[in-house]
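**Student:** Input: one structure, supplied below.
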Amino acid sequence: MLRLSDSIQPAISKRDQAVAIEAAAGATPRPRVAWGQWFGVLLGLVVLALAAWGLNKIAGQVTMADIVAEVKATPAHLIVAAAVSAAISYVVLIGYDWLATRHLGYQIPWPTLAAASFASFTMSHTLGVTVLTGGTVRYRIYTRAGVKPADIAMIILLCGWTFWLGIVFVAGLGLLVSPHLSVPFRDIVPEGLERWTGAALLGGTLAYLVLAWLWRRQFRVWRYTFTIPDGRETLLQIAIGAVDLAFAGGALYLLLLPVAGTPDLLTFLTIYAVAMVVGALSHAPGGLGVFELVVVSLMPGADKAGVLAAIALFRLIYTFIPFLLGIMVIFWLEWKAVRDVRRARAASKGLQARAQP
């Protein structure tokens, strides 16, 4: 679903990143569980429990019949426009892999980049567990293109970093320009906190950009040495991540246009960014249930049945249909690989037969 992945859920702990690089580099990961991993699991359980509680409250206010009626009432042209916006988002996602592979010195053909990006993101958006789902798909595709296993692990991490740079930038800008998200929680959130939070997010993004531009030292994790993207690459990361979020969130926003109480686009994109972050923390596949709860909670003036109907359509357009197409892409690539191996073996046997006296 929602960009909870490499995207979609690119929220990988530092320990998971280190293990991925170490394993890809050929070293044997040390079998210990860091406290951060336990904290991540506990946080995910807390978020899921809160989501279940919140959805139970919403269920008492909205019936399934209301949601179905809202889905049927959505204008066809908005559904088509949302599908186009979602498609553009998946095209923009290719930039994640392009930036990552170029940073590592690879010149991967565009068809291979497109296949790896689309297939991996559709798997991780739907199934979650980015390293195992989208990471496995990238490993299968990129190893055939001559990419080293350790570099594939770094590609996964760089794609995730591109996502987070984009989401932090959009959220920071949205909180500064349209700081209305905490209105439903004014009793517990002090006034003005939104602007300070937005300034902090944008300030952090700017600080990292300056660091990337000026600090070019190498880092070493076990036997793997790497450098962070430079200033120009970081600017591209921020731009690609922000554009991807704009089109993905824009697809849902188009479906919400008929719903009374829908906020302006920038405010909604900030809501969308917050929902993706919370969904990632829950570790639920596609942020299922958690994403809905956050969006509904941050749009208190909107009709709940209409919001849930729009999200249901969004999941169909952005998650389910691309997931089926991603399976077809993976199947075709695997069939092509098996066919090529059989042809190579047949050609080898033919040469051996002709070489025999």
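**Student:** Applying a 10 Å radius around every beta-carbon, put 300-306, 247-253 in order of their mean neighbour count, most first.
**Tutor:** Answer by packing, highest mean first, reads 247-253, 300-306.
**Student:** For the range 193-270, treating each Cα as an identical point scatterer without solvent, what Debye log10 I(q)/I(0) comes out at q = 0.12 1/Å?
**Tutor:** Log10 of I(q)/I(0), two decimals: -0.54.
**Student:** Stick to Cα atoms and the Kirkwood definition of Rh, then tell me Rg/Rh for the range 235-357.
**Tutor:** 1.32
**Student:** Could the peptides 265-275, 220-230 be put in order, highest first, of the mean number of other beta-carbon atoms found within 10 Å of their residues?
**Tutor:** In descending order of packing, they fall as 265-275, 220-230.
**Student:** Taking the Cα centre of each part, how many Å lie between the range 79-156 and the range 295-329?
**Tutor:** So the separation of the two Cα centres works out to 22 Å.
Read-outs throughout are calculated quantities, based only on the coordinates presented, and are distinct from any laboratory measurement. Quantities reported herein were computed from a predicted structural model and do not represent experimental measurements. Here Cβ is always computed from backbone atoms with ideal geometry, including for glycine, and neighbour counts include all displayed protein chains.
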